[in-house]
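The values are calculated or read from the model by the stated rules, or taken from the named source; none is laboratory data. The model shown is predicted, which means the values in this text are computed figures rather than measured ones. So basically every Cβ, Gly included, is an ideal-geometry build from the backbone, and we count neighbours across all protein chains shown. Surface areas here come from the heavy atoms of the whole protein model, side chains and all, with no ligands, DNA or RNA. Shrake-Rupley method; radii C 1.70, N 1.55, O 1.52, S 1.80 Å.
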Amino acid sequence: MGKVEKIGNLILWSLQGFLIFLLIFQSSFALPLAGIGHLHPLILHMPIGFGVLLLGLFGIKKHLASFEVLAEFLLLITAIFSTLTAIFGLFLAKDGGYETSALDWHQWSGVAVSFVYFIWVLVRKNLIVGAALGFIALIFAGHTGASITHGEDYLRFGTQATEITSESVVFEDIVQPILKAKCESCHNDQKTKGALKMNSIANLMKGGKHGPIWKAGDALNSHLVQRIKLPMNAKEHMPPLGKAQLTPDEITILTLWVKEGASFEKKLGDFSPDFQKLIRPAELKAETKVYDFAAASESTLASVNTPYCTVYPIANESPALQADFYVAAKFDPKTLSDLAQVSEQLVGLQLSKMPIKNADVNLVSKFVNLEKLNLNFTSVDDAGLEQLGGLNSLEQLAISGTKTGRSSLTKLLPKLPALKQIHVWSTNLSAGDLTALRKQFPKVSFDAGYIPKEETLQINPPILVNENLILKPGEKLTFKHTLRDVLFRYTLNDSLPDSLQSPSTKGSIAITNFAKVRILATKDGWRASKPIDVRVYKSQFIPARMDLLSKPDPKYPAAGGSSLMDFVIGAREVKGVPNFTWLGFKEADLDVIATFEKSTSVHGVTLSYLEKTDSDVFPPVKVEVWGGESPDKMRLITSVKPVQPKEKSGYSARGINIPIPANPAKYYRIKAERLKRLPAFVDNKGKGAWLRVDELLFY
């Protein structure tokens, strides 16, 4: 075991050295790979298992002939994995969203675990003491980690279920337990994703970084409801993939609670009958449907289930099956055709937002016992829909968001004798069509969504797709919307866009340089959305390097000249946390040379800077651009004097475009002169101002 032991010790020493390096430079190091910290929860189980096994060995010591060899090997393995766990924990902490105090306790207790086992690997004496101390440290580190993940009260036992009556306070007895079980683990005092805490009424009312999470009485435009109803594979879906998901009933409860006022004091008896029936289903006289067909075998069920299609019984002991398809990008028509193996048992089919075509509907028509079919937001049109005729058991049909018209429904509905409800909002049906269909088919309930009389609904604002608002060459500013056929109107000069006359786009805007973009969504039959405002930067030409000729202040060194071309927007400062996204100048002016690989003809330069006059941070008073084929022989191309603020203001990231004549140059030198004397409206008048910049872009 000598060779293995040497290799193990070499790995351990290397990892310990790397861990110490990260601890020293944890405020400034960058992640080697985005999301790498998410391996921490996976790896942390290894030292726990090995640590427990190591301590347990001493209970059977007398029965092991090679106890010392085995114990030392386990100690070495435990030390290696505890060090790896601490390293990946530091990576995970870089993602942010954790309360500092709780994170510090967990971080240093985890580091202590690795140090204890490392020390005993070196000492090799009194192994039982090292095993015991390591186990105690593991317990403490595990407790602090669980407090961050699940909340401080995760060890509370014996919680008694509350009996729900008409006098029950809905928020306290129904809504809050849902939030606590499904949301609070990521939104508490220790772990605060999106700057949102959900562990108290005060924190819920405060909201997160996007503001309030609901609008009382307006579920449609409430951030909370929008997020929980997104597809599972959507990046902004909540709870995130991998966490315990809300059940359909829980989603409905939260939606109705918001829709009916989001009251913290209102009792169940004061809510609508629909809400009360949802909460107290035992009071409904519902009969369990009995089916006369046999259940599918376990092997057949296993063969039709895939990672993107779940087939399961609708109730215990019932032979009837429901099939749900997930992730449109992974849809395979063969999976749908394979359901022929359970065509007799299939009573529910969920194909919402799947890329199915009219030809696929022919497969669906073979499921003769189908009772519920969801085709919302698919490509199925009138021709495809007509193939469903003959589904004599179909009771519910959802075709919202499809291009279905009145003529196809007029032909189809007589062929669906059991149909009770059809969802048709956002289709080609007009109000007149709906009136005629309801009159023609009085036994069918047509759900066309909530459309108040004589009122046009306002469409939701656009959704920004770009994660980084510093666009690289060839990259466009991109938007999307949850509805189809939406037209976006925009302006690039910070003015309010006109919903009829402003430039339009279906989803992307070509940006040439720094711009204040305002964009709103429009759609026929809807009121234009509220605009969203975006400050976007554009880089058309990327230099090979940037070198500072002046020295930044030690408080804001960033990464030197390279930070001006790292495509990272400067971040707001957090008290007590070093900020390495801004270059700051207090005693000197900005002076930097950008070097291209060859002579490049640019149209202008964008300087991104911070204005925060209540902290003495001002724009430059003058910016000069020099160019030439040699750093020693450069000529002044242009100079500008940015507008200076006239009153005290808070944090405002800004940009200035400096056009220059299109003369090729290999070297460009930019000088930005800071304000030498602060104006009278600030506290430190007469002293020198700060100049803080984060990006220098060429367009």
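General observations
- Criterion: of a type outside the set (Phe, Trp, Tyr) and free of Cβ contacts under 8 Å to residues at least 24 places away in the same chain - qualifying residue of Gly405, Gly432, Gly449, Gly384: Gly432
- Considered as a group, the residues in region 532-575 that are among the basic types (Lys, Arg) and in a loop (DSSP other than H, G, I, E, B) include one that is least open to solvent (accessible area, probe 1.4 Å), and that residue is Lys555.
- One residue stands out in region 321-361 among those that are among the small types (Gly, Ala, Ser) and touching a Pro at 6+ places or on another chain (Cβ under 9 Å): the one that is most open to solvent (accessible area, probe 1.4 Å), namely Ala329.
- Count of residues meeting criterion [in a helix (DSSP H, G or I), exposed (fewer than 15 other Cβ atoms within 10 Å of the Cβ) and touching a residue at least 40 places away in the same chain (Cβ under 8 Å)] in region 114-142: 1
Here is a yes/no grid of residues against (1) part of a strand (DSSP E or B); (2) of a type in the set (Val, Ile, Thr); (3) over 39 Å from the mean Cα position of the chain (by Cα):
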| site | (1), (2), (3) |
| --- | --- |
| Leu610 | yes, no, no |
| Asp614 | no, no, no |
| Pro620 | no, no, no |
| Leu636 | yes, no, yes |
| Arg654 | yes, no, no |
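- Residue, modelled with the highest pLDDT, within region 283-320, restricted to residues that are open to solvent by 100 Å² or more (accessible area, probe 1.4 Å) and assigned to a helix (DSSP H, G or I): Glu298
- Enumeration of residues in region 335-369 that are over 22 Å from Lys403 (Cβ atoms) and assigned to a loop (DSSP other than H, G, I, E, B): Ser343, Glu344, Gln345, Lys366, Phe367, Val368, Asn369
- Subset of region 419-438 [part of a loop (DSSP other than H, G, I, E, B), open to solvent by 30 Å² or more (accessible area, probe 1.4 Å) and at pLDDT 90 or above]: Lys420
- Residue match in region 357-377 (condition: farther than 30 Å from Ala295 by Cα, at pLDDT 90 or above and within 30 Å of the chain's Cα centre (by Cα)): yes
- Sub-7 Å Cβ pairs linking a first residue in region 158-185 that is modelled with pLDDT of 85 or more to a second residue that is basic (Lys, Arg) and open to solvent by less than 60 Å² (accessible area, probe 1.4 Å), at least 6 apart or interchain, are Val170/Lys266, ordered by first then second residue.
- Within region 439-464, the residues that satisfy the criterion of being part of a loop (DSSP other than H, G, I, E, B), surrounded by fewer than 13 Cβ atoms within 10 Å (Cβ to Cβ) and at pLDDT 90 or above are Pro442, Lys443.
- Search result, residues across region 243-264 that are surrounded by 18 or more Cβ atoms within 10 Å (Cβ to Cβ) and of a type in the set (Asp, Glu): Glu250, Glu260
- Sub-9 Å Cβ pairs linking a first residue in region 680-693 that is open to solvent by 60 Å² or more (accessible area, probe 1.4 Å) to a second residue that is of a type in the set (Gly, Ala, Ser), at least 6 apart or interchain, are Ala680/Gly686, ordered by first then second residue.
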